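Worksheet for the structure shown next.
The values are calculated or read from the model by the stated rules, or taken from the named source; none is laboratory data. Since we're looking at a predicted model, the values are computed, not measured. We place every Cβ from the backbone using ideal geometry, glycine too, and count neighbours over all the protein chains shown. Surface areas here come from the heavy atoms of the whole protein model, side chains and all, with no ligands, DNA or RNA. Shrake-Rupley method; radii C 1.70, N 1.55, O 1.52, S 1.80 Å.
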Amino acid sequence: MFIRSEIVGFGRYLPNKVLTNDDLSHMVETNDEWIRTRTGICSRHIAEGETTSIMAGKAVASALKNAGMSPQDVDLLIVASVTPDLTTPSTATLVAGSLGFRAGVPAFDISAACSGFVYALTMADNMIRLGQVKTAVIVGAECLSKIVDWTDRNTCVLFGDGAGAAVLRAAEGKGDSTDTGVLSTCIFSDGSKTEFLKTTGGVSSTQNPGVVLMNGKEVFKHAVVSLAEAAETALERADIKKEQIDWLIPHQANVRIIDSVRERLNIAPEKVIISLDHHGNTSAASIPLALSENIESGRVKKGDLLVLTAMGAGFTWGGAVIRL
Ligand code: UT7
(Lines give C-alpha, C1' and ligand atoms only; values in the text may rest on other atoms or scores of the structure.)
Protein backbone atom coordinates (compact mmCIF):
# COMPACT_ATOMS: atom_id res chain seq x y z
CA MET A 1 0.00 0.00 0.00
CA PHE A 2 1.30 3.50 -0.88
CA ILE A 3 0.44 6.20 1.64
CA ARG A 4 -0.26 9.75 0.44
CA SER A 5 -1.04 12.89 2.47
CA GLU A 6 -4.32 14.33 1.27
CA ILE A 7 -5.17 17.90 2.19
CA VAL A 8 -8.64 17.74 3.70
CA GLY A 9 -9.04 21.22 5.18
CA PHE A 10 -7.80 24.79 4.92
CA GLY A 11 -8.24 27.75 7.23
CA ARG A 12 -6.92 31.22 7.83
CA TYR A 13 -7.01 34.16 10.15
CA LEU A 14 -6.27 37.82 9.50
CA PRO A 15 -6.31 40.50 12.18
CA ASN A 16 -8.97 43.19 11.76
CA LYS A 17 -6.75 46.23 11.36
CA VAL A 18 -5.94 47.04 7.72
CA LEU A 19 -3.02 49.33 6.95
CA THR A 20 -3.19 50.88 3.49
CA ASN A 21 -0.40 52.36 1.40
CA ASP A 22 -1.93 55.79 2.05
CA ASP A 23 -1.73 55.14 5.80
CA LEU A 24 1.97 54.32 5.36
CA SER A 25 2.53 57.55 3.44
CA HIS A 26 1.77 59.39 6.72
CA MET A 27 4.36 57.29 8.60
CA VAL A 28 7.39 57.27 6.25
CA GLU A 29 8.36 59.04 3.03
CA THR A 30 6.51 56.83 0.57
CA ASN A 31 3.37 56.84 -1.55
CA ASP A 32 0.74 54.47 -2.87
CA GLU A 33 2.04 54.68 -6.44
CA TRP A 34 5.59 53.58 -5.49
CA ILE A 35 4.45 50.67 -3.31
CA ARG A 36 1.85 49.48 -5.84
CA THR A 37 4.12 49.60 -8.89
CA ARG A 38 7.31 48.31 -7.21
CA THR A 39 5.68 45.54 -5.15
CA GLY A 40 1.99 45.03 -6.10
CA ILE A 41 0.96 45.55 -2.47
CA CYS A 42 -2.05 47.79 -1.70
CA SER A 43 -2.80 46.92 1.94
CA ARG A 44 -1.85 44.53 4.73
CA HIS A 45 -3.35 43.38 8.04
CA ILE A 46 -1.71 44.33 11.33
CA ALA A 47 -2.20 42.49 14.63
CA GLU A 48 -3.22 44.57 17.60
CA GLY A 49 -2.92 42.65 20.87
CA GLU A 50 -3.04 39.30 19.07
CA THR A 51 0.07 37.15 19.25
CA THR A 52 1.27 34.62 16.68
CA SER A 53 -0.15 31.71 18.72
CA ILE A 54 -3.56 33.39 18.91
CA MET A 55 -3.65 33.91 15.13
CA ALA A 56 -2.27 30.40 14.48
CA GLY A 57 -4.89 28.91 16.83
CA LYS A 58 -7.70 30.67 14.96
CA ALA A 59 -6.37 29.47 11.58
CA VAL A 60 -6.01 25.90 12.89
CA ALA A 61 -9.53 25.94 14.36
CA SER A 62 -10.96 27.14 11.04
CA ALA A 63 -8.98 24.49 9.07
CA LEU A 64 -10.21 21.73 11.41
CA LYS A 65 -13.79 22.97 11.04
CA ASN A 66 -13.36 23.00 7.26
CA ALA A 67 -12.09 19.38 7.45
CA GLY A 68 -14.99 18.36 9.73
CA MET A 69 -12.53 17.36 12.47
CA SER A 70 -11.91 18.27 16.10
CA PRO A 71 -8.61 19.01 17.91
CA GLN A 72 -8.91 15.49 19.37
CA ASP A 73 -8.38 14.00 15.89
CA VAL A 74 -4.95 15.58 15.38
CA ASP A 75 -1.74 13.48 15.68
CA LEU A 76 0.83 16.17 14.82
CA LEU A 77 1.03 19.98 14.85
CA ILE A 78 3.75 22.01 13.15
CA VAL A 79 3.88 25.81 13.30
CA ALA A 80 6.11 27.63 10.82
CA SER A 81 7.02 31.09 12.09
CA VAL A 82 9.87 33.52 12.71
CA THR A 83 7.80 35.53 15.20
CA PRO A 84 7.07 33.20 18.14
CA ASP A 85 5.14 34.46 21.19
CA LEU A 86 7.93 33.30 23.49
CA THR A 87 11.47 32.02 23.19
CA THR A 88 10.23 28.82 24.83
CA PRO A 89 7.92 26.92 24.83
CA SER A 90 7.18 26.65 21.13
CA THR A 91 4.24 28.43 19.53
CA ALA A 92 3.00 24.95 18.51
CA THR A 93 2.64 23.82 22.14
CA LEU A 94 0.85 27.08 22.99
CA VAL A 95 -1.62 26.39 20.15
CA ALA A 96 -1.99 22.73 21.16
CA GLY A 97 -2.74 23.80 24.74
CA SER A 98 -5.21 26.52 23.82
CA LEU A 99 -7.17 24.28 21.41
CA GLY A 100 -7.13 21.25 23.71
CA PHE A 101 -5.09 18.81 21.62
CA ARG A 102 -4.57 15.35 23.15
CA ALA A 103 -1.61 15.07 25.55
CA GLY A 104 1.23 13.23 23.83
CA VAL A 105 0.66 14.70 20.38
CA PRO A 106 3.98 15.97 18.94
CA ALA A 107 3.95 19.75 18.42
CA PHE A 108 6.91 21.84 17.33
CA ASP A 109 7.95 24.98 15.45
CA ILE A 110 9.91 25.31 12.24
CA SER A 111 12.04 28.38 11.53
CA ALA A 112 12.55 28.63 7.78
CA ALA A 113 11.30 32.20 7.20
CA CYS A 114 9.15 32.59 4.07
CA SER A 115 9.75 28.93 3.12
CA GLY A 116 8.33 27.81 6.48
CA PHE A 117 5.02 26.47 5.18
CA VAL A 118 6.72 24.36 2.49
CA TYR A 119 9.20 23.07 5.11
CA ALA A 120 6.30 22.19 7.45
CA LEU A 121 4.43 20.50 4.61
CA THR A 122 7.53 18.44 3.81
CA MET A 123 7.95 17.31 7.44
CA ALA A 124 4.27 16.46 7.91
CA ASP A 125 4.07 14.62 4.56
CA ASN A 126 7.16 12.58 5.41
CA MET A 127 5.80 11.60 8.83
CA ILE A 128 2.45 10.63 7.31
CA ARG A 129 4.04 8.58 4.54
CA LEU A 130 6.24 6.80 7.11
CA GLY A 131 3.07 5.82 8.97
CA GLN A 132 4.08 7.72 12.13
CA VAL A 133 0.93 9.88 12.16
CA LYS A 134 -2.42 9.85 10.36
CA THR A 135 -3.66 13.42 10.75
CA ALA A 136 -1.34 16.44 10.78
CA VAL A 137 -2.06 20.14 11.01
CA ILE A 138 0.46 22.63 9.64
CA VAL A 139 0.18 26.37 10.06
CA GLY A 140 2.21 29.33 8.87
CA ALA A 141 1.68 32.22 11.28
CA GLU A 142 3.46 35.55 11.53
CA CYS A 143 3.34 38.76 13.50
CA LEU A 144 5.91 40.51 11.33
CA SER A 145 4.68 43.95 12.38
CA LYS A 146 6.55 43.35 15.66
CA ILE A 147 9.95 42.93 13.96
CA VAL A 148 9.56 45.63 11.32
CA ASP A 149 11.42 48.92 11.67
CA TRP A 150 8.50 51.33 11.16
CA THR A 151 10.93 54.12 10.25
CA ASP A 152 12.56 52.14 7.39
CA ARG A 153 10.60 52.67 4.17
CA ASN A 154 12.69 49.99 2.43
CA THR A 155 11.07 47.26 4.53
CA CYS A 156 8.06 48.53 6.50
CA VAL A 157 5.84 48.81 3.42
CA LEU A 158 6.32 45.14 2.55
CA PHE A 159 5.11 43.03 5.45
CA GLY A 160 1.82 42.00 7.03
CA ASP A 161 0.45 39.72 9.77
CA GLY A 162 -1.78 36.65 9.56
CA ALA A 163 -1.99 32.87 9.67
CA GLY A 164 -2.96 30.09 7.27
CA ALA A 165 -3.39 26.40 8.07
CA ALA A 166 -3.93 23.05 6.36
CA VAL A 167 -5.06 19.63 7.62
CA LEU A 168 -3.29 16.63 6.09
CA ARG A 169 -4.71 13.12 6.32
CA ALA A 170 -3.19 9.76 5.38
CA ALA A 171 -4.91 8.13 2.40
CA GLU A 172 -4.20 5.21 0.15
CA GLY A 173 -2.64 6.01 -3.22
CA LYS A 174 -1.17 4.15 -6.14
CA GLY A 175 2.23 5.80 -5.84
CA ASP A 176 2.15 7.50 -9.23
CA SER A 177 1.39 10.96 -10.57
CA THR A 178 -2.35 10.29 -10.85
CA ASP A 179 -2.73 10.18 -7.04
CA THR A 180 -4.56 12.78 -4.97
CA GLY A 181 -2.60 14.57 -2.23
CA VAL A 182 0.99 15.70 -1.85
CA LEU A 183 2.82 14.29 -4.90
CA SER A 184 6.25 15.75 -4.13
CA THR A 185 8.12 18.19 -1.92
CA CYS A 186 11.62 19.64 -1.95
CA ILE A 187 13.44 21.92 0.51
CA PHE A 188 16.81 23.66 0.29
CA SER A 189 19.04 26.21 2.03
CA ASP A 190 22.22 28.20 1.39
CA GLY A 191 23.77 29.53 4.60
CA SER A 192 26.28 31.69 2.73
CA LYS A 193 23.50 34.22 2.07
CA THR A 194 22.33 34.99 5.64
CA GLU A 195 23.49 38.62 5.46
CA PHE A 196 21.01 39.62 2.74
CA LEU A 197 17.92 39.18 4.89
CA LYS A 198 18.03 38.97 8.67
CA THR A 199 17.00 40.60 11.92
CA THR A 200 19.38 42.90 13.76
CA GLY A 201 19.19 40.79 16.92
CA GLY A 202 18.20 37.59 18.66
CA VAL A 203 18.16 35.77 21.97
CA SER A 204 21.78 34.65 22.27
CA SER A 205 23.28 37.70 20.56
CA THR A 206 21.47 40.84 21.67
CA GLN A 207 18.73 39.43 23.95
CA ASN A 208 16.31 41.30 21.73
CA PRO A 209 14.51 40.07 18.57
CA GLY A 210 15.78 43.01 16.53
CA VAL A 211 14.19 44.35 13.35
CA VAL A 212 14.21 43.17 9.74
CA LEU A 213 17.17 44.26 7.63
CA MET A 214 17.13 43.44 3.91
CA ASN A 215 19.21 43.95 0.82
CA GLY A 216 16.13 44.03 -1.41
CA LYS A 217 17.95 43.84 -4.74
CA GLU A 218 20.02 40.77 -3.78
CA VAL A 219 16.98 39.00 -2.31
CA PHE A 220 14.96 39.81 -5.43
CA LYS A 221 17.65 38.35 -7.72
CA HIS A 222 17.99 35.11 -5.76
CA ALA A 223 14.23 34.81 -5.20
CA VAL A 224 13.47 34.66 -8.93
CA VAL A 225 16.01 31.87 -9.53
CA SER A 226 15.20 29.85 -6.38
CA LEU A 227 11.43 30.05 -6.77
CA ALA A 228 11.61 28.86 -10.38
CA GLU A 229 14.10 26.09 -9.53
CA ALA A 230 12.06 24.83 -6.57
CA ALA A 231 8.93 24.65 -8.72
CA GLU A 232 10.83 22.77 -11.44
CA THR A 233 12.35 20.30 -8.96
CA ALA A 234 8.98 19.63 -7.33
CA LEU A 235 7.39 19.05 -10.76
CA GLU A 236 10.18 16.70 -11.78
CA ARG A 237 9.92 14.71 -8.54
CA ALA A 238 6.16 14.41 -9.02
CA ASP A 239 6.56 13.40 -12.66
CA ILE A 240 4.21 16.22 -13.66
CA LYS A 241 4.72 18.49 -16.67
CA LYS A 242 4.35 22.27 -16.35
CA GLU A 243 1.52 22.18 -18.87
CA GLN A 244 -0.52 19.90 -16.57
CA ILE A 245 -0.67 22.26 -13.60
CA ASP A 246 -3.78 24.31 -12.88
CA TRP A 247 -2.25 26.78 -10.41
CA LEU A 248 1.12 28.23 -9.48
CA ILE A 249 0.98 29.36 -5.84
CA PRO A 250 4.19 31.26 -5.13
CA HIS A 251 5.33 32.93 -1.92
CA GLN A 252 3.79 36.39 -1.96
CA ALA A 253 6.64 38.89 -1.64
CA ASN A 254 6.58 41.04 -4.77
CA VAL A 255 4.41 40.82 -7.88
CA ARG A 256 7.45 41.59 -10.05
CA ILE A 257 9.24 38.54 -8.60
CA ILE A 258 6.16 36.41 -9.25
CA ASP A 259 5.92 37.68 -12.86
CA SER A 260 9.57 36.82 -13.52
CA VAL A 261 9.13 33.33 -12.03
CA ARG A 262 6.01 32.76 -14.09
CA GLU A 263 7.84 33.83 -17.25
CA ARG A 264 10.80 31.54 -16.48
CA LEU A 265 8.40 28.65 -15.97
CA ASN A 266 6.35 29.64 -19.02
CA ILE A 267 3.08 29.55 -17.10
CA ALA A 268 0.08 31.65 -18.19
CA PRO A 269 -0.71 34.67 -15.95
CA GLU A 270 -4.27 33.43 -15.32
CA LYS A 271 -2.84 30.32 -13.63
CA VAL A 272 -1.01 32.31 -10.96
CA ILE A 273 -2.55 33.00 -7.56
CA ILE A 274 -1.85 36.48 -6.18
CA SER A 275 -2.91 37.61 -2.73
CA LEU A 276 -0.10 39.98 -1.80
CA ASP A 277 -2.17 42.95 -2.99
CA HIS A 278 -4.29 42.72 0.19
CA HIS A 279 -2.01 40.64 2.49
CA GLY A 280 1.48 42.05 1.83
CA ASN A 281 4.33 39.65 2.53
CA THR A 282 3.23 37.46 5.45
CA SER A 283 6.27 35.14 5.27
CA ALA A 284 5.33 31.57 6.31
CA ALA A 285 1.62 32.46 6.23
CA SER A 286 1.60 33.68 2.63
CA ILE A 287 1.04 30.41 0.73
CA PRO A 288 -1.62 28.93 3.06
CA LEU A 289 -3.43 32.30 3.21
CA ALA A 290 -3.53 32.46 -0.60
CA LEU A 291 -4.64 28.83 -0.85
CA SER A 292 -7.34 29.00 1.78
CA GLU A 293 -8.84 32.17 0.33
CA ASN A 294 -8.92 30.82 -3.23
CA ILE A 295 -10.36 27.45 -2.21
CA GLU A 296 -13.09 29.18 -0.22
CA SER A 297 -13.98 31.40 -3.19
CA GLY A 298 -14.24 28.30 -5.41
CA ARG A 299 -11.48 29.44 -7.77
CA VAL A 300 -9.17 26.57 -6.74
CA LYS A 301 -11.13 23.31 -6.79
CA LYS A 302 -10.93 19.70 -5.69
CA GLY A 303 -8.90 17.76 -8.24
CA ASP A 304 -6.80 20.79 -9.28
CA LEU A 305 -3.06 20.33 -9.64
CA LEU A 306 -1.01 22.92 -7.73
CA VAL A 307 2.64 23.81 -7.64
CA LEU A 308 3.77 25.68 -4.52
CA THR A 309 7.09 27.51 -4.37
CA ALA A 310 8.68 29.60 -1.62
CA MET A 311 11.91 31.40 -0.80
CA GLY A 312 13.08 33.34 2.23
CA ALA A 313 15.78 34.35 4.71
CA GLY A 314 18.71 31.98 5.12
CA PHE A 315 18.36 31.64 2.20
CA THR A 316 15.83 28.84 2.33
CA TRP A 317 13.63 27.70 -0.53
CA GLY A 318 11.40 24.83 -1.49
CA GLY A 319 8.45 23.60 -3.49
CA ALA A 320 5.64 21.08 -3.62
CA VAL A 321 3.19 19.57 -6.06
CA ILE A 322 -0.28 18.75 -4.76
CA ARG A 323 -3.41 17.34 -6.37
CA LEU A 324 -6.28 18.59 -4.23
O1 UT7 B 1 9.95 37.35 1.65
C2 UT7 B 1 11.32 37.17 1.49
C3 UT7 B 1 11.74 37.66 0.24
N4 UT7 B 1 11.67 39.12 0.15
C5 UT7 B 1 11.63 39.60 -1.06
O6 UT7 B 1 11.51 38.82 -1.98
C7 UT7 B 1 11.81 41.06 -1.31
C8 UT7 B 1 12.71 41.23 -2.50
N9 UT7 B 1 12.98 42.60 -2.87
C10 UT7 B 1 12.03 43.43 -3.37
O11 UT7 B 1 10.87 43.07 -3.45
C12 UT7 B 1 12.47 44.78 -3.89
O13 UT7 B 1 13.86 44.82 -3.96
C14 UT7 B 1 11.95 45.96 -3.03
C15 UT7 B 1 10.45 46.11 -3.20
C16 UT7 B 1 12.29 45.74 -1.57
C17 UT7 B 1 12.61 47.26 -3.48
O18 UT7 B 1 12.37 47.46 -4.87
P19 UT7 B 1 13.57 47.93 -5.83
O20 UT7 B 1 12.99 48.07 -7.16
O21 UT7 B 1 14.68 46.93 -5.64
O22 UT7 B 1 13.90 49.33 -5.25
P23 UT7 B 1 15.28 49.89 -4.67
O24 UT7 B 1 15.55 49.25 -3.33
O25 UT7 B 1 16.32 49.78 -5.71
O26 UT7 B 1 14.91 51.37 -4.48
C27 UT7 B 1 14.67 52.22 -5.60
C28 UT7 B 1 14.43 53.61 -5.07
C29 UT7 B 1 15.48 54.09 -4.10
O30 UT7 B 1 15.68 55.47 -4.30
P31 UT7 B 1 16.97 55.99 -5.06
O32 UT7 B 1 18.13 55.44 -4.28
O33 UT7 B 1 16.88 55.40 -6.44
O34 UT7 B 1 16.83 57.46 -5.00
C35 UT7 B 1 14.83 53.87 -2.76
O36 UT7 B 1 15.33 54.74 -1.78
O37 UT7 B 1 13.19 53.62 -4.36
C38 UT7 B 1 13.39 54.17 -3.06
N39 UT7 B 1 12.48 53.54 -2.13
C40 UT7 B 1 11.25 53.99 -1.90
N41 UT7 B 1 10.58 55.06 -2.38
C42 UT7 B 1 9.32 55.25 -1.94
C43 UT7 B 1 12.68 52.41 -1.41
N44 UT7 B 1 11.58 52.14 -0.67
C45 UT7 B 1 10.68 53.11 -0.98
C46 UT7 B 1 9.37 53.37 -0.55
N47 UT7 B 1 8.73 54.43 -1.06
N48 UT7 B 1 8.74 52.58 0.34
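Quick check: Cα centre of segment 58-136 to Cα centre of segment 20-47, how many Å?
32
Of the options Gly97, Ile273, Pro84, report the single residue whose Cα projects farthest towards the positive end of the charge dipole of the chain (beta-carbon charges: Lys, Arg +1; Asp, Glu -1).
Positive-most Cα among the choices belongs to Gly97.
Roughly speaking, what % of Cα-Cα pairs in segment 95-198 are separated by over 23 Å, rounded to a whole number?
The proportion of pairs with Cα distances above 23 Å equals 43 percent.
Which whole-number value in Å² is the accessible area per residue of segment 2-173, probe 1.4 Å?
40
Where does segment 211-270 land on the Kirkwood hydrodynamic radius, alpha-carbon pairs, in angstrom?
Over segment 211-270, the inverse of the mean reciprocal pair distance is 12.4 Å.
Could you name the aspartates and glutamates in cross-link range of Lys301, using Cα to Cα under 13 Å and dropping any fewer than eight places away on the same chain?
Excluding near neighbours in sequence, the set is Asp246, Glu293.
Could you pull out every one of the aspartates and glutamates with an alpha carbon less than 17 Å from that of Lys174, ignoring same-chain neighbours closer than 8 positions?
Glu6, Asp125, Asp239
Give the Cα extents of segment 181-323 along the principal axes, in whole Å, largest first.
48, 29, 26
On the principal axes of its Cα set, how long, how wide and how thick is the chain? Give whole Å, largest value first.
Projected onto the principal axes, the Cα atoms of the chain cover 59, 46, 39 Å.
Once the convex hull of the C-alpha atoms of segment 3-158 is built, how many Å³ does it hold per residue, rounded to a whole number?
Convex hull volume per residue, Cα atoms: 120 Å³.
Could you report segment 219-321's accessible area per residue, 1.4 Å probe, as an integer in Å²?
35
Mind checking which aspartates and glutamates have their Cα closer than 15 Å to the Cα of Lys217? Skip sequence neighbours fewer than 8 apart in that chain.
By straight Cα distance, Lys217 reaches Glu195.
Where both residues lie in segment 214-324, what percent of DSSP beta bridges are antiparallel, nearest 5?
Of the beta bridges lying entirely in segment 214-324, close to 60 percent run antiparallel.
Quick one: compute the contact order of the chain, relative version, from alpha carbon pairs under 8 angstrom and 6+ residues apart, as a percent.
26
Suppose we keep just the DSSP beta bridges with both residues in the chain; what percent of those would be antiparallel, to 5?
75
Please state the relative contact order of segment 191-288 as a whole percent: Cα pairs under 8 Å, 6+ residues apart?
22
Have a look at Gly162, Gly312, Gly202 and tell me which one the Gaussian network model of the chain (Cα, springs below 10 Å) gives the largest fluctuation.
Gly202
Summing -39500 (n - 2.57) over the DSSP H runs of n ≥ 4 in the chain and dividing by its residue number, what mean residue ellipticity at 222 nm do you reach, to the nearest 500 deg cm²/dmol?
-9500 deg cm²/dmol
Please state the charge dipole magnitude for segment 190-233, taken about the Cα centre, from unit charges on C-beta atoms (+1 on K and R, -1 on D and E), reported in debye and rounded to the nearest 20.
200
Just the number, please: carbon plus sulfur as a percent of the accessible area of the chain, 1.4 Å probe, no ligands or DNA/RNA counted.
Roughly 51 percent, rounded to a whole number.
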